[in-house]
Amino acid sequence: MKKSIAEGAIATLALRDTNNSFANYWLFLWEGDELPERSKFSPSKVKSLLPFLLVFDVVPDESVTVRLAGTGFRYILGEDITGKDWLAMTRAHHRPTRLGNLSAVARGSVMKAQRRVKMVLGEDRINEEIVLPFAPEKGGTCQVVAHAEWGIDPLTKAADIRNIEDDTRDFRLLPIT
């Protein structure tokens, strides 16, 4: 890995403010050219971002489990997804893509995606997701952290959302190796 490559990749993503802050905190955790270890990540340093934070356990090309889901996802999805199989929650035709993308992040890439969120009332919103890897753990699992900037009121409930697009917009997967 090279931190300078990661910094350059993050700079090209033109992230929204909250995702840019999150990515900068992740870059701060690097030691030299080594990906940050998950143990170095301190939630208190990004407290305002926690509601829309996801941590995944990724076994590349095999599985993705939600290790931790922020409380904002409970409001938006209508359930707590901590501990759930992320792929099983995905429509069957999108599972290979989701597994491939998160496997690529686990192996050393950063990812940005945007999705249209269709609201029951009012204008549609576009959320922005940033997904970043931590250093791999022994045994082949890699924790991957994601933050979503929804562009909606934090108290929005599942009933307020008509649909969250499966297909992404402005999708970018950039290697940092």
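Only the coordinates and a few stated rules stand behind these numbers; no lab work does. In this text the structure is predicted, and so the values were computed from the model without any measurement. Neighbour counts are summed over all protein chains in view; Cβ atoms, including those assigned to glycine, are modelled from backbone coordinates with ideal geometry.
The table for this structure:
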quantity: Pairs of Cα atoms farther than 22 Å apart, the chain, %; calculated: 41
quantity: Order of Lys138, Lys2 - criterion: other Cβ atoms within 10 Å of each residue's Cβ, fewest first; calculated: Lys138, Lys2
quantity: Per-residue Cβ neighbour rank within 10 angstrom, fewest leading, Thr71, Thr65; calculated: Thr71, Thr65
quantity: Nearest-ten-degree value, helix 17-28 long axis tilted from longest Cα axis of the chain; calculated: 20
quantity: Number of Lys pairs (Cα under 23 Å; 8 or more positions apart or on different chains) in the chain; calculated: 16
quantity: Virtual spin-label span in nm between Thr177 and Glu62, 7 Å along Cα→Cβ; calculated: 1.7
